[in-house]
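See below for the structure under consideration.
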Amino acid sequence: MCGRGVRPEGPELIELLEAAEIDDEVRDLTVRYNLAPTQPVAVLWRGAEGRRLSVARWGVPRRRGGIAINARDDRLRTPVWRAALGEGRVVVPLRGFYEWEAGTRQPWYVHRRDGELLLMAALWTEDPEGRHAAIITTEPSGDMVDIHDRMPAILEPERVEPWLRERDPEAAAELLGPAPEGALRRYPVSRRVNRVANDGPELLEEVTPDATQGELF
């Protein structure tokens with residue numbers, strides 16, 4: 001599962017991502033070290049003129065209330081996601097994400113070892129209230145398997161264009177998977193990340209697990 005992340009600022013995303021069109025809202029994005037559901041995320045998608053960079057809210061509204069922040073890759077053919085898999089494939093670029101170790105609730109920060117953006121496969125929908133995105137999750141790689149049984153589906157750069165352009169939803173789904181073995185680095189961080197109101201680069205500081213006990217806020 002992916003429920004928190006680190007969002008780069010708009011100018012950095014514009015510089016690093018090849019987009020023919022850029023919505024004005026992207027330029028206003030600031031760095032968020034404790035990105036949470038319902039907050040804005042940048043979204044790369046295929047527009048009429050080529051790649052387009054826009055903004056969506058993290059979390060797709062459910063019919064019975066609440067939001068879905070993640071979409072499991074093994075359930076994309078269900079009625080809930082089938083239409084989005086066909087016409088709403090996008091990429092959510094983040095610097096990294098947080099995951100809580102099962103059993104201990106120790107938060108870990110996960111990012112690419114090479115320092116590049118994490119390009120997460122995602123789906124989006126649109127309604128009168130705006131655009132909404134859900135990050136696709138898949139089985140964990142060896143870098144994550146001992147922490148959690150799910151992780152974001154990470155697209156290597158060469159798979160971004162096929163993911164956005166592929167006309168056959170089934171063929172697009174075959175592109176999904178975890179990051180390559182060894183591509184990710186993880187380390188424990190303070191439990192201050194548990195509280196959405198906490199934000200700042202200090203959340204990314206590595207700690208020893210014992211040092212975080214009791215630091216819930």
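Laboratory data are not the source of any read-out in this text; all were calculated from the coordinates shown. Since we're looking at a predicted model, the values are computed, not measured. Note: ideal-geometry Cβ built from the backbone for every residue, glycine included; neighbour counts use all protein chains shown.
For the chain, the convex hull spanned by the alpha carbon atoms encloses 128 Å³ per residue. Rounded, prolate or oblate: which fits the range 28-70, taking a ≥ b ≥ c as square roots of the Cα gyration tensor eigenvalues, rounded meaning a/c under 1.5, else prolate when a/b beats b/c? Here the range 28-70 falls in the oblate category. Multiply the residue separation of Thr78 and Glu156 by 0.36 nm, subtract the distance between their alpha-carbon atoms, and state the gained length in nm to one decimal. The span from Thr78 to Glu156 would gain 25.5 nm if fully extended.
Only helical runs count toward this figure. For the chain, summing -39,500 (n - 2.57) over DSSP H runs of n ≥ 4 and dividing by all residues gives -3500 deg cm²/dmol at 222 nm.
When Arg186, Arg62 are sorted by how many other C-beta atoms sit within 10 angstrom of their C-beta, beginning with the fewest, the order is Arg62, Arg186. Taking 0.36 nm per residue of separation and subtracting the Cα-Cα distance, full extension of the segment from Glu174 to Asp149 would add 7.0 nm. Between Val80, Val189, Val90, the residue with the greatest mean-square fluctuation in the GNM of the chain (Cα pairs under 10 Å linked by springs) is Val80. Structure remark: mean-square fluctuation, Gaussian network model of the chain, C-alpha springs under 10 Å; the largest value among Arg72, Arg192, Arg113 belongs to Arg113.
Loop-resident GluC sites (Glu not before Pro) (DSSP state other than H, G, I, E or B) in the range 28-137 with no more than 15 further Cβ atoms inside 10 Å of their Cβ: Glu49, Glu101, Glu116, Glu129. Shown for His148, His132, His111: other C-beta atoms within 10 Å of each C-beta, ranked fewest to most, produce the order His148, His111, His132. Ordering Ile136, Ile22 from the fewest to the most neighbouring beta carbons within 10 Å gives Ile22, Ile136.
Both radii come from the Cα set of the range 115-217: Rg as radius of gyration, Rh as Kirkwood radius; their ratio Rg/Rh reads 1.04. Rounded, prolate or oblate for the range 1-85? Axes are the square roots of the Cα gyration tensor eigenvalues, ordered a ≥ b ≥ c, and the cut-off for rounded is a/c under 1.5. Cα axes put the range 1-85 in the oblate bin. I need the shape label for the range 62-116. Rule: rounded when a/c is under 1.5, else prolate if a/b > b/c, else oblate, with a, b, c from the alpha carbon gyration tensor. Cα axes put the range 62-116 in the oblate bin.
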